[in-house]
1. Evaluate the following for Lys5: is it over 26 Å from Ile175 (Cβ atoms), within 17 Å of the chain's Cα centre (by Cα) and of a type in the set (Lys, Arg)?
2. Where in the range 93-158 are there helices (runs of 4 or more DSSP H), lying wholly inside it, with at least 1 residues that are modelled with pLDDT of 70 or more and within 30 Å of Glu52 (Cβ to Cβ)?
3. Restricting to the range 9-25, and then to whatever is among the charged types (D, E, K, R) and within 12 Å of the chain's Cα centre (by Cα), can you tell me which residue is nearest to Ile72 (Cα to Cα)?
4. Determine whether the range 36-57 contains at least one residue that is of a type in the set (A, V, I, L, M, F, W, C), under 14 Å from the mean Cα position of the chain (by Cα), within 23 Å of Lys176 (Cβ to Cβ) and not in a helix (DSSP H, G or I).
Amino acid sequence: MVQIKCDVKNSMPLGYFEPFQGDLKKRTTKDIEQLANSILTDGLLAPFYVWEHEGHNYLLDGHGRLAALTEIALRDKDVATQPFPYVSITADTEDEARKSLLAIVSSFGKVTKSGVMKFVAPMSIKPAEVPVFQKYNKPIAQKVQKEVTHKIIRLQVPVDKEAEVVEILSSVSYIKVL
C-alpha cells in the first residue's frame, strides 16, 4: 500500500482515472521511476485533479503520479485497488475542462538550479536525497533520457467475461495486467 499524505474527501482506485492530457507532457521511463521511488519513500503528497463528466473521471492533473502508481501496482497488487484522493474540478464543457487543465499545469515561473540550491540549503537532510535537486544538479550531458516505451490502456469488458479476458491477455508475454 502507498501512504497517502494529503487529505481530501474524494477517492477512487487507479483504474477509474481516465487520462485527459494526451501528449501535452512528455515523460521518460526514468522520470516515472524517480516519481515512483519518491512516492514509495515519501508517500503520495498531492491529490489527483479530476473533471467528473457524464460518468467519466477525466484526469486533468496527475498523469505522472498515475503512471508511477501504476508501475508500483505492478509490484504490489494492493495498490491497484487502493483508493487515491482526488479534487473534483468543475467544468461545464470539454473546452472549459481543457482551459482548466492548461491553467493547472502551466508553471507561471521556472524552477532554477540556483533557486533549488537556496531552497534546500537550510534542510537537515542532504540535498542529494531530494529528487528535484538531483534533476537540477546533473551535468547537461546526463540529461538525455530514453522515452517511455510502454502505454497503459483501459478496456471495457462485460463483467462475466473479465476472467476470460484477463487470462487471454496474461498469456501474452509483453502485456502486464493490473
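The values are calculated or read from the model by the stated rules, or taken from the named source; none is laboratory data. Predicted model, so just to flag it, every value in this text is computed and none were measured. Glycine gets a Cβ as well: all are built from the backbone with ideal geometry, and neighbour counts include every protein chain shown.
1. Working: over 26 Å from Ile175 (Cβ atoms): yes; within 17 Å of the chain's Cα centre (by Cα): yes; of a type in the set (Lys, Arg): yes.
Against the criterion (over 26 Å from Ile175 (Cβ atoms), within 17 Å of the chain's Cα centre (by Cα) and of a type in the set (Lys, Arg)), Lys5 qualifies.
2. Values: elements: 94-105, 113-120, 131-136.
Output list reads 94-105.
3. Kept after step one, since they are among the charged types (D, E, K, R), are these residues of the range 9-25: 9, 18, 23, 25.
Retained after the next criterion (residues that are within 12 Å of the chain's Cα centre (by Cα)): 18, 25.
Numbers: Glu18: 18, Lys25: 21 Å.
Among those residues, the one meeting the criterion is Glu18.
4. At the first step, the residues of the range 36-57 found to be of a type in the set (A, V, I, L, M, F, W, C) are 36, 39-40, 44-46, 48, 50-51.
From the residues that got through so far, the ones that are under 14 Å from the mean Cα position of the chain (by Cα) too are 36, 39-40, 44-46, 48, 50.
Then drop every residue that is not within 23 Å of Lys176 (Cβ to Cβ), which leaves 36, 39-40, 44, 48.
The next check asks that each one be not in a helix (DSSP H, G or I); those that pass are 44, 48.
Yes, there is a match, as at least one residue in the range 36-57 is of a type in the set (A, V, I, L, M, F, W, C), under 14 Å from the mean Cα position of the chain (by Cα), within 23 Å of Lys176 (Cβ to Cβ) and not in a helix (DSSP H, G or I).
Each row is one residue, and each column tells you yes or no for (1) surrounded by 13 or more Cβ atoms within 10 Å (Cβ to Cβ); (2) out of contact with any Cys (no Cβ under 7 Å at 6 or more places or on another chain); (3) within 23 Å of Gln156 (Cβ to Cβ).
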| site | (1), (2), (3) |
| --- | --- |
| Ile32 | yes, yes, no |
| Ala36 | yes, yes, no |
| Phe48 | yes, yes, yes |
| Arg65 | yes, yes, no |
| Glu94 | no, yes, yes |
| Arg98 | yes, yes, no |
| Thr112 | no, yes, no |
